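Visitor: Dropping the structure in here first, questions after.
The values are calculated or read from the model by the stated rules, or taken from the named source; none is laboratory data. Here the structure is a predicted model, which means the values were calculated and not measured. A quick note on method: Cβ atoms are made from the backbone with ideal geometry, for glycine too, and the neighbour counts reach across all protein chains shown. The area values use the complete protein model at the heavy-atom level, side chains included, leaving out ligands, DNA and RNA. Shrake-Rupley method; radii C 1.70, N 1.55, O 1.52, S 1.80 Å.
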Amino acid sequence: MSSRSVAVLGATGSIGRATIDVLERLGSEWRVAAISGHRRLDTLAELARRTSARQVVLSDASAGGDWSECEWPAGVEFSRGPEALVQAATAAEVDTVVAAIVGRAGVESTLAALQAGKRVALANKETLVCAGPVVAELLGKSPTERLAGPAERLAGPASGGRLLPVDSEHSAIFQCLAAGPDNPRRLILTASGGPFRQWSLEQMQAATVAEALEHPTWRMGKKITIDSATMMNKALELIEARWLFGCPAESLEVVVHPQSIIHSMVEFADGSVVAQLSPPDMRLPIQYALTYPQRLPCPSPPLERGKPWELTLEPVDQERFPAIPLGFEVAAKGGTAGAVVNAANEAAVDLFLSGQIRFTDIVPACRAALEHHTFEERPSLSRLLELDRWARAEVGRWSCRA
Ligand SMILES: NC(=O)c1ccc[n+]([C@@H]2O[C@H](COP(=O)([O-])OP(=O)(O)OC[C@H]3O[C@@H](n4cnc5c(N)ncnc54)[C@H](OP(=O)(O)O)[C@@H]3O)[C@@H](O)[C@H]2O)c1
């Protein structure tokens, strides 16, 4: 393999650190050229020493901490602010960008990387949820009402940029599609069900932040952990799948699989269902996105086969988890709907984490924002970002009602 040079945006987070782990084990053909963190300067300095990255970005220009107080490797170039993220994502020496920033903040750098023709390993699902119409146009593939083979769908002839999914469900679907790219009938996303899978609505109304952060199978950043508890994460993944695979919302399905071993499935025209199984460890889908189409030994542990397995599938209770019907609706609508719901959700999760709204207010706040916005089918990026700001302000009012 020819040598590869990687920018890890959001390197200090859960996916970012797992990526560094994978890259360290892939060997000397793989070089970390750039890393970013938002506020955690100490962690960034530790990762800079570990990886010998030349370019180091602290994306929050106003974050405290003196860069000179940390120990940096020789020759490092340090920059601050969101523009520096875009520079790292588009640098000539970088061929691969791991988009691992959380939330809408990851959109511009991911789009810039695609525009610059980079191979993008996409963890930042918000890029597709918020800016799906823009990405579809950029990659030269309008969202057709059919499913197509992954290699065709994901390659972007217009720009040369290429998206490879890191989200475990989308990586699983991407892998399953190899079994019959032309005739998939349904894409079946699995969901762990989160910590409240068996809770009543009344119990969920009183859920605390600590309870919502106790995910039964995955260790992740705070925001996605709350999204797993509301099942908004699955709603965002439905929207992500619609744009990534160019499929109609009716071809998507969600089933609850509490063991988090089956990461997703594809049902083909002949009725066969192909699934991808592995332990819940993000290093596998991260590595697959980096090395695709090659499969190489991976640090994630193998599945334990020496004892009886229990793999269960359950339907989603859409009354207790109203995020799921909301996700289907937004995936079907497209246009501005994803940007509004994504921003509303980010704002509502922040309000919940700071104790200003109840857990069960999060999804209704998102629905209210969706219903109060003026829908547009073919928005520009600036319009999507404007609606992002509008939806956050709308949700801000919910804290006054709680
Ligand atoms: N964790 C998982 O298992 C998992 C699985 C599938 C998909 N994903 C997706 O991967 C993305 C990252 O998730 P995560 O769990 O790794 O999140 P995380 O642990 O919270 O890490 C987020 C990263 O983004 C940086 N960041 C935070 N706010 C930022 C801003 N405004 N501008 C630029 N950078 C910012 C953080 O920097 P600081 O550390 O300095 O704050 C950190 O590097 C999300 O889109 C998530 O949905 C995650």
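Visitor: Across the stretch 19-59, how large is the tail of the calculated P(r) beyond 17 Å, expressed as a percent of all Cα pairs?
Guide: Tail of the P(r) past 17 Å holds 25 percent of the pairs.
Visitor: Indicate the gyration tensor shape class of the stretch 207-318 (rounded, prolate or oblate), computed on the Cα atoms with a ≥ b ≥ c the square roots of the eigenvalues: a/c under 1.5 is rounded; otherwise a/b larger than b/c is prolate and the rest oblate.
Guide: rounded
Visitor: Sticking with this one: Per the 1.4 Å probe, what fraction of the accessible area of the chain, in percent, lies on carbon and sulfur atoms?
Guide: That fraction is 50 percent.
Visitor: Let me know the shape class of the stretch 12-107, please: from the alpha-carbon gyration tensor, a ≥ b ≥ c as square roots of the eigenvalues, rounded when a/c is under 1.5, otherwise prolate if a/b is greater than b/c, or oblate.
Guide: It is rounded, given that a/c, with a ≥ b ≥ c, falls under 1.5.
Visitor: Placing one identical point scatterer on every Cα of the stretch 245-293 and ignoring solvent, what is log10 I(q)/I(0) from the Debye formula at q = 0.16, 0.23, 0.26, 0.27 Å⁻¹?
Guide: Debye curve over Cα of the stretch 245-293, log10 I(q)/I(0) at q = 0.16, 0.23, 0.26, 0.27 Å⁻¹: -0.63, -1.07, -1.13, -1.13.
Visitor: Mind jotting down a quarter of the surface of the convex hull over the alpha carbons of the stretch 291-384, in square nanometres, one decimal?
Guide: Approximately 11.2 nm², given one-decimal rounding.
Visitor: How much of the DSSP bridge set in the chain is antiparallel, in percent, rounded to the nearest 5?
Guide: Restricted to the chain, the bridges split so that about 30 percent are antiparallel.
Visitor: Sticking with this one: Treat every Asp and Glu Cβ in the chain as -1 and every Lys and Arg Cβ as +1, leave all other atoms uncharged, and give the resulting dipole magnitude about the Cα centre to the nearest 20 debye.
Guide: 460 debye
Visitor: OK, next. Mind scanning K118/K234; K125/K222; K125/K234; K125/K333 and naming the pairs with a C-alpha gap bigger than 21 Å?
Guide: K118/K234
Visitor: Next question. Which one of A331, A45, A249 has the biggest mean-square fluctuation once the chain is modelled by GNM with Cα springs under 10 Å?
Guide: A45
Visitor: Let me ask something else about it. With the chain treated as a Gaussian network of Cα nodes joined by springs under 10 Å, which of E202, E214, E250 yields the largest mean-square fluctuation?
Guide: Judging by the Gaussian network model, the answer is E202.
Visitor: Whole number please: convex hull volume per residue of the Cα set in the chain, in Å³?
Guide: 142 Å³
Visitor: Additional query: Mind checking the per residue accessible area of the stretch 1-121 for me, 1.4 Å probe, whole number of Å²?
Guide: Per residue, the stretch 1-121 has 41 Å² of solvent-accessible surface.
Visitor: Continuing with the same structure: Stick to the Cα atoms of the stretch 172-248, pair each with every other, and give me the Kirkwood hydrodynamic radius in Å at one decimal.
Guide: 14.2 Å
Visitor: Per residue and in Å³, how big is the convex hull formed by the alpha-carbon atoms of the stretch 350-402?
Guide: 76 Å³
Visitor: Okay, moving on. Could you check which residue among F245, F78, F328 shows the biggest mean-square fluctuation in a GNM of the chain with a 10 Å Cα cutoff?
Guide: F78
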